[in-house]
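The structure follows.
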Amino acid sequence: MFALGDASNLPTSKTGAAIRKQAPVLVANLLAAMAGRPGEAAYDGYTSCPLVTGYGRLVLAEFDYDGNPAETFPFDQAKERRSMYLLKKYALPQMYWHGMLRGRA
Ligand SMILES: Cc1cc2nc3c(=O)[nH]c(=O)nc-3n(C[C@H](O)[C@H](O)[C@H](O)COP(=O)(O)OP(=O)(O)OC[C@H]3O[C@@H](n4cnc5c(N)ncnc54)[C@H](O)[C@@H]3O)c2cc1C
């Protein structure tokens, strides 16, 4: 049985960001099963929670199954930032509509 997204009830925060990391793993393992090979792709529980902390400010929390930081950017994402707010407001919707939904990101 294969599952991903909220209905999979994996022990991590249910987000679209998590699904973005789950989907390639599921596809790889599904293709392996169809070819009679063992599935070797693994998902580490990555998820991302954009936490609005004030007007125009946001903490982009990214972590794995164990709660370890799994940050995308080369700076301390635990700090609230305007840049992360702008990312959430303007960039992530573009990534969602033009990247994820089209299988590009
Ligand atoms: C308020 C809110 C804010 C969020 N903010 C973020 C965010 O900033 N970033 C982020 O990454 N994630 C965010 N999320 C989480 C993200 O929206 C979900 O994790 C994601 O949408 C789950 O996708 P899914 O396809 O697994 O499930 P869903 O999007 O729930 O899709 C399931 C679909 O199945 C349909 N369905 C249900 N039962 C049946 C049935 N019996 N027959 C046929 N169809 C059925 C439903 O109508 C629905 O369309 C947020 C969620 C909420 C509620």
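FYI, it's all coordinate maths here, none of it is from the lab. Note that the coordinates shown come from a computational prediction; the quantities given were computed from them, not determined experimentally. Heads up, the Cβs are rebuilt from the backbone with ideal geometry, glycines too, and the neighbour counts pull from every protein chain shown.
If you line up the long axis of helix 16-34 against the longest principal axis of the chain, both from Cα atoms, how many degrees apart are they, to the nearest 10?
Between the helix axis and the principal axis of the chain, the angle is about 10 degrees.
Here's another thing I want to ask about it. Just want to confirm a number: the relative contact order over the chain, from Cα pairs under 8 angstrom separated by 6+ residues, in percent.
19
Would you kindly derive the ³J(HN,Hα) couplings of segment 42-59 from the backbone phi angles with the Karplus curve 6.51 cos²θ - 1.76 cosθ + 1.60 (θ = phi - 60°), listing them in order in whole Hz, with x for Gly and Pro?
Coupling constants for segment 42-59: 9, 10, 8, x, 3, 8, 9, 10, x, 9, 6, 10, x, 5, x, 9, 8, 9 Hz.
What number comes out for the charge environment of Arg57, summing +1 per Lys or Arg and -1 per Asp or Glu over other residues with Cβ under 14 Å away?
Once positives and negatives cancel, what remains is +4.
In whole Hz, what ³J(HN,Hα) sequence does segment 2-14 give by Karplus (6.51, -1.76, 1.60; θ = phi - 60°), x for Gly and Pro?
Values, residue by residue: 10, 8, 8, x, 4, 5, 6, 6, 5, x, 8, 5, 7 Hz.
Another one. Hey, can you rank 67-75, 86-94, 23-31 by average C-beta count inside 10 Å, highest first?
Output ranking for 67-75, 86-94, 23-31: 23-31, 86-94, 67-75.
Could you run the Debye sum over the Cα atoms of the chain, one equal point scatterer each and no solvent, and tell me log10 of I(q)/I(0) at q = 0.11, 0.12, 0.13, 0.19 Å⁻¹, two decimals?
For the chain at q = 0.11, 0.12, 0.13, 0.19 Å⁻¹, log10 I(q)/I(0) is -0.40, -0.47, -0.54, -1.02.
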